[in-house]
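Below is one structure; the comments refer to it alone.
FYI, it's all coordinate maths here, none of it is from the lab. Keep in mind it's a predicted model, so treat the numbers as computed, not measured. All Cβ positions, glycine included, derive from the backbone under ideal geometry; neighbour counts span all protein chains shown.
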Amino acid sequence: MADELFEAELFDEEPAEEKREKRQLNGAMGATIAIVVLFIVLAATVGIPHGLMGNDGASSSHWLPPVEDRTGKIYDDSDVFSRVSWNGSHAVGEVQSIFVEVPAITLKDGGAGATGDAEVHLGLWLPVIEGCDYTGNITEECKIPVIAEIGPYYDDGDVDALTPADRLGRFLIENFVPHGFGVAQVSVFGTGESNHCMDLMGLDEQAGIKAAVDWLGSQPWSNGKVGAIGKSYDGSTPWNAAAAGSDYLTTIVPMSGLIGLHELMWRNGSMEARGAIMHNGVYGSFGLDGDLEDAQNGCEGYMEGYYAGLAAYATGDDLSWMKSDYWTERYFLDRAMEMYNGSIYIIHGMQDWNVDPHMAFPTHQIAIDNGFEVKGLYGQWMHDYPDRPGGHDGGIGFPWSLRWDWADDLLEWFDFYLRDNGPQPRLIAEIQDDLGGWRVEGTYPPMDTYWNEMTLDQCEITSGSDTVTTTSQTVLDCGTMEEDFRIIGMPTIHIGARMLGTSGHLFVEMQRGSDGSHLGHAVMDLRFADGGKDGVAAYIPGTTVLAKMEFFAMDVVLEAGDNLVLIITQTGEDYIPSTVSTTQVNVFLDDRSTLSLSTVDRTCDDLFLPPMQEQYPMCMD
């Protein structure tokens with residue numbers, strides 16, 4: 001079985017408009033069913049003691065308590081990741097090596113399209129279920145869903161796709177296959193044993209991802225439901241899969257995933273250092289290993305990568321004005337909102353400065369506004385998983401950032417969305433602040449957010465001046481907190497600025513005064529003074545603008561007696577100003593500039609304690 005090859009089938013596409021109508025219809029049907037069920041429950045539970053019902057009206061016998069009630073649960077913490085609290089009954093079958101044909105790749109795409117044999121490779125693990133023969137006639141009780149991790153690292157910086165990967169594959173296989181799920185490790189084009197070219201999240205890669213998902217969902221042994229999960233690049237492929245519109249994709253769990261490539265590496269026209277070389281200088285090399293298939297990297301996207309990064313560095317935008325679609329085809333969110341018809345569980349580290357938190361916010365609320373069922377898990381870890389001690393140790397919010405209940409949480413999620421086994425998981429946002437405290441919000445940022453504003457003339461200049469150059473640093477002390485003050489979501493700072501050249505560049509860091517620790521930061525190329533991806537080519541020297549800067553998402557607490565500090569420089573972190581934006585800028589540190597801090601009122605009474613953790617120090621009497 002390990003070397004048996006399977007052929008992919010072709011499927012009819014469902015128009016996007018029909019998908020939107022279906023999602024709206026599903027919502028209406030869900031509401032109708034909920035009302036009917038409510039009447040049934042009310043009728044059936046008259047006279048039943050209240051103690052037998054949970055807070056939500058669901059049976060309290062559900063195997064996984066609400067997150068607020070898991071404090072006393074004990075989990076196996078002997079491995080590098082979390083374990084489900086109860087083991088499944090099925091053995092893990094031998095891995096199968098599968099090659100899936102991708103006929104959507106044609107001659108115009110170059111690479112393997114020239115020979116018409118484009119294919120993606122995956123390793124597949126199925127549960128051994130008594131009485132089930134996956135090669136024979138399959139009964140309904142033998143059909144299973146599949147959880148897929150899709151990415152470029154199999155055999156390119158990690159084990160091959162037929163070996164459980166320590167990134168996530170081993171966690172998925174050991175936790176969920178015994179519970180009756182299949183698990184697939186899928187190599188994107190140009191990596192592992194998949195041929196064609198390394199397209200770096202482009203439409204070719206999307207076609208390969210869709211072919212793999214369609215194959216997994218259409219096999220005789222499949223129940224027709226596929227979930228996609230992963231972190232970083234592997235956390236971006238779920239969004240790419242959603243944008244492809246596969247009818248079999250039922251849930252996605254993007255962890256530190258990209259909603260778009262340009263959106264990650266450019267912020268208000270300002271580029272991260274890796275932006276110019278990400279395709280050809282980093283991931284493009286994954287497809288080059290000295291064999292005859294190296295020539296297949298000569299595809300459209302790979303060739304475009306040579307100019308797209310450098311050109312976007314110079315202009316700060318997505319090059320749409322020059323009729324290039326390189327960056328726009330690598331933006332997934334809009335297409336996912338249009339084409340996808342499943343649930344979304346977003347996981348992101350609030351201290352992740354590899355894939356910054358602006359990939360998760362305001363995405364969480366955007367998805368809700370588009371009618372999706374959305375959950376979020378947002379801890380103070382860096383570019384990591386929620387349950388990895390090695391990656392959390394010593395970080396902000398540790399040890400409370402560790403979520404030993406995460407495997408259970410996913411089992412509940414996959415059980416419902418891939419097998420229709422209820423009850424439905426709560427659609428909430430679990431958010432951790434930088435003191436370690438976890439709480440539940442209905443969405444993030446919360447709906448009851450309010451704003452505190454101050455003009456910069458209320459701050460004291462303790463160092464530097466109103467002139468920003470390549471070497472300057474201006475420090476503002478913006479006051480001492482009279483009581484604990486929580487800053488959440490995406491605060492803003494609007495700074496009046498006069499440019500001596502045709503452009504300029506600003507970086508603002510927010511710090512805790514007592515120890516100089518980083519709370520948040522904002523960055524902008526002043527050609528994009530209104531924020532976003534649309535800017536101007538150049539200004540007349542001497543032009544004054546209002547730079548409408550937004551901080552990356554944060555959830556931090558300034559305790560009473562501490563003070564808020566702003567540091568204004570030309571740049572920071574790993575942002576590289578365009579060569580035209582390095583000229584001197586004069587900033588207005590008066591009532592023409594405003595700092596707006598978004599906040600909510602929360603206390604220790606609003607916090608929950610994760611399993612296997614001691615009480616929060618700030619909540620001890």
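Placing a pseudo-label 7 Å from each Cα along the Cα-to-Cβ vector at residue 454 and residue 107 gives an inter-label distance of 6.8 nm. For region 450-604, the alpha carbon convex hull comes to 107 Å³ per residue, rounded to a whole number. The tail of the calculated P(r) for region 81-441, taken as Cα-Cα distances beyond 32 Å, holds 29 percent of the pairs. Think of the chain as a dipole: +1 on every Lys or Arg Cβ, -1 on every Asp or Glu Cβ, centred on the Cα centre; then among 182, 493, 252, 493 lies furthest on the positive end. Centroid-to-centroid, using Cα positions, region 430-487 and region 375-414 are 25 Å apart.
When each of the peptides 439-449, 459-469 is scored by the mean number of other C-beta atoms lying within 10 Å of its residues, the order from highest to lowest reads 439-449, 459-469.
Computed from phi, the 3J(HN,Hα) profile of region 482-495 under the Karplus parametrisation 6.51, -1.76, 1.60 (θ = phi - 60°) reads 6, 8, 4, 10, 9, 10, 10, x, 10, x, 10, 9, 9, 10 Hz, with x in place of Gly and Pro.
Within straight-line reach of residue 375, meaning a Cα separation under 29 Å, sit the following lysines at least 8 residues removed in sequence or on another chain: 19, 22, 73, 143, 210, 225, 231, 533.
At full extension, residue 485 and residue 562 could sit 26.8 nm farther apart than now, given 0.36 nm per residue minus the alpha carbon distance. The Cα atoms of the chain cover 77, 70, 46 Å along the three principal axes, with the biggest extent listed first. Taking a ≥ b ≥ c as the square roots of the eigenvalues of the Cα gyration tensor of region 342-461, is the shape rounded (a/c under 1.5), prolate (a/b larger than b/c) or oblate? It is oblate, given that a/c is not under 1.5 and a/b is not larger than b/c. Values of log10 I(q)/I(0) for region 542-621 across q = 0.27 Å⁻¹ run -1.62, by the Debye formula with one identical scatterer at each alpha carbon and no solvent. For the chain, the share of DSSP beta bridges that are antiparallel, to the nearest 5, is 70%.
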